[in-house]
Every structure is written in structure tokens, then in C-alpha cells.
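Here's the structure, in C-alpha cells; my notes come after.
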Amino acid sequence: MKLPPGKIPVDVLKEVVFKNLGVKRQEVTIGPTAGVDGAVIDIGDESLVVSMDPITGANERIGWLAVNVNANDIATFGVEPAFLFSSILLPENSDKIIVETICQQMDMAAKELGIAIVGGHCESTPGLNYPIVVSCTLGLTKKGRYVTAAGAKPGDRLILTKSAGIEGTAILSSDREKQLAPIMSAAALAGAKSFYKNISVVKDALTAYKTGGVHAMHDPTEGGIAGGIHEMADAAQVGVRVFEDKIVVKPETAKICNFFEIDPFQLIGSGALLIAAKEGKANEIIENLREEKIPAAEIGFFEKENNNRLLIKNDNSYRNLPRPLSDHLWSALKKQPQQ
């Protein structure tokens, strides 16, 4: 089968990747699991949380994204990110300036989050057209003191911070500015580019976790809000009902998605956080997030029947929550400017 751009399908993960994992070690408490964006390794009285992600669909702020997107994965465990390794792969004939730009971006992002960059690799790679940065981030916590994306329970409230398609909006407004300029004002484009400032969910996740009542957290990266919700439901083997009108889509995101004919719910969404919380704690979590100036709203709830994944409209009609085959960013990036 021919693979789609971006993440490989879950069935390929299960049929191929998860069957080739080397030896089993007793220290590994959580290994590779669909929908869970990290591993947990127990070392004495502490748990080491580890996650890895590439940045492949962005050029403008690739180093900055490499740190923030990976830090987000650690934070969704309720753990503060602390250490980072990176592998920077550059197109042939790259120069010193691109190395400096990426490294300075990574340095700035790491300092903002209190992360030490402790090692990695950098090379010029034959066959590449664009830079790729792969990062591995680690965080430490007391043994067992964390949550995963697989912890959602029937009856849990589903909370979303910020809005849909944050990272995709930032990427497309930056990397496809010339295409968008005829249909968006300079001010609107500048506003869309500023979405980069909202990509971290470290404060979102740590605030929610410290409030209590959180069973699971997940940041919707590739596949957007829709993909992220499915990943949580898959990992926990539960169903979910999502109220379409509760999901915020910013005007800049809506304009860009309309232009590229893509779905904001299926557009890469780093910067938003999905939280599964006890019904009785949901309002307190939302209030504490808002006190930190982080917009948040209850957008649905989880239920027992695993096959029920519904997106409910204002008039109470519904359809199946779309499951992205590939992130809609890739569809937008393929669209060529009109001559």
C-alpha cells in the first residue's frame, strides 16, 4: 500500500511497527502505544517520560517548533519538559546561516521553557528539499505521578484550550503568504503568523494537571482536533460526543481553510490541548486555565460505547467525527498558485 503524507496509518503501526520493538525491559512502564505520544521508563523512585517528533511541514520557524512541539508531548503527561536531543537534517548545499538560524530558534524556545539542549546531530543530507528537525524530549517526575492520553473514562468531560488549527494557520500564513495575500489583508496575515506564539501547551497542561481531576491529556498535532480526539478515544477504547459549535475556529484560520478548501478540525493543531476530566472538576479546570489567560471550553464528553464517535451540530443533527487519513496541511501545501 502507498502511504499518505505525514503519520503512517494506525493499522500499519499495529501490524508492522509494534511487532518489531527489540527486547522487553522491565523498566519500560509504557512503551509504543497508538495515541500516546511518549514512553515512560521507571528508574528507581522516578519516572522518565520520553517523546520524539519530527518537524517536516514547516520552514519559517522549524527550530522553534521542534522544541515547542516536543515539549508539548511531555507536558501532556502532567510533567515539566527538561532535556532535549535534536537531529538536524539539511538539504545539500546548505550554508552556515541556516544552521545558525535553526539553532538560535531552538535556543530561544528552550530558554523560554527551561529546557536544556543536551546533544544531537546535524548534517547535510542528500535528497532533501527542505530541512527536517527531529527532536527527543525528556522529563522527570516521581514514580507513577503522571497521566497519559489513554486515561479517558466514560462520563469524563472533554475540554479544549484555545482553538482549532493553530499550528497549521501559522505555517500556511508564513510559508504560503504570496498565495494568501490577494484574499487576506496585511493585518490578517500578520495576525495569523502570530499564532506561532500560542503553540506551547506546557502551561495549559501543567495548570490543568495541578488542578486535579485530569484523567488524560493530548495535544492534537497531525490530524488536528478531530485526529487528536480519535487518538484519545482509541487509546482509552471509549466513544465520544463532540459539539461542533463549541470548538473555536479563529477568523484567520477559517479564511485560510476556506481558501485551501480544507477542514480546520483536520488541520495540524499544536497549541491546543485536549483534556479528559472528571465531570465535577471540569469547571474548576476551565476557570484555572482562564486565570492563566488560556481560553478553554468544554466541547463534549466521553462515553462507554467505543463505536460512537459523533460530531453534533446546533440543530442536534450529527455525523461521524471525521478521522483524518492525512493532515489537511499537506493538501494545502500541494495547492499551486493560480497563474
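The values are calculated or read from the model by the stated rules, or taken from the named source; none is laboratory data. In this text the structure is predicted, and so the values were computed from the model without any measurement. Reconstructed Cβ throughout: ideal geometry from the backbone, glycine too, with neighbour counts over all protein chains shown.
Observations
- Taken together, 112, 60 contain a single residue that is more than 14 Å from the chain's Cα centre (by Cα) and assigned to a loop (DSSP other than H, G, I, E, B), which is 60.
- Filtering 155, 120, 139 for residues that are more than 23 Å from the chain's Cα centre (by Cα), at pLDDT 95 or above and not in a helix (DSSP H, G or I) leaves a single hit, 155.
- When we screen 325, 289 for residues that are buried (at least 18 other Cβ atoms within 10 Å of the Cβ) and more than 22 Å from residue 65 (Cβ to Cβ), the only hit is 289.
- In this entry, residue 150 is excluded by the filter for residues that are touching a strand residue (DSSP E or B) at 6+ places or on another chain (Cβ under 9 Å), assigned to a strand (DSSP E or B) and under 30 Å from residue 235 (Cβ atoms).
- Of note, residue 80 satisfies the criterion of being of a type in the set (Asp, Glu) and within 29 Å of residue 210 (Cβ to Cβ).
- One residue stands out in the stretch 70-92 among those that are farther than 17 Å from residue 275 by Cα and buried (at least 23 other Cβ atoms within 10 Å of the Cβ): the one that is modelled with the lowest pLDDT, namely 70.
- Selection count, the stretch 1-39, where residues are exposed (fewer than 10 other Cβ atoms within 10 Å of the Cβ) and not charged (D, E, K, R): 5
- Residues in the stretch 108-142 that are loosely packed, with under 14 Cβ neighbours inside 10 Å and of a type in the set (D, E, K, R): 111, 123, 142.
- Screening residue 315 with (1) touching a residue at least 60 places away in the same chain (Cβ under 8 Å); (2) loosely packed, with under 11 Cβ neighbours inside 10 Å gives one miss only, at (1).
- Exactly one residue out of 42, 53 is surrounded by 14 or more Cβ atoms within 10 Å (Cβ to Cβ), touching a residue at least 40 places away in the same chain (Cβ under 8 Å) and in contact with an Asp or Glu (Cβ under 6 Å, 6 or more places away or on another chain), and it is 42.
- Among the conditions (1) in a loop (DSSP other than H, G, I, E, B); (2) modelled with pLDDT under 95, the only one that residue 11 does not satisfy is (1).
- Candidate set from the stretch 159-198 (those that are over 16 Å from the mean Cα position of the chain (by Cα) and either outside the structural domain of residue 212 (by TED's automatic domain parsing) or part of a loop (DSSP other than H, G, I, E, B) (or both)); member that is surrounded by the most Cβ atoms within 10 Å (Cβ to Cβ): 184
- Filtered residue count, the stretch 31-42, keeping only those that are modelled with pLDDT under 95 and either among the basic types (Lys, Arg) or out of contact with any helix residue (DSSP H, G or I) (no Cβ under 7 Å at 6 or more places or on another chain) (or both): 1
- Of the residues 127, 155, 168, 114, the single one that is closer than 27 Å to residue 43 by Cα and not β-branched (Val, Ile, Thr) is 114.
- Selection from the stretch 305-321 of residues that are assigned to a loop (DSSP other than H, G, I, E, B) and either modelled with pLDDT of 95 or more or touching a Phe, Trp or Tyr at 6+ places or on another chain (Cβ under 6 Å) (or both): 321
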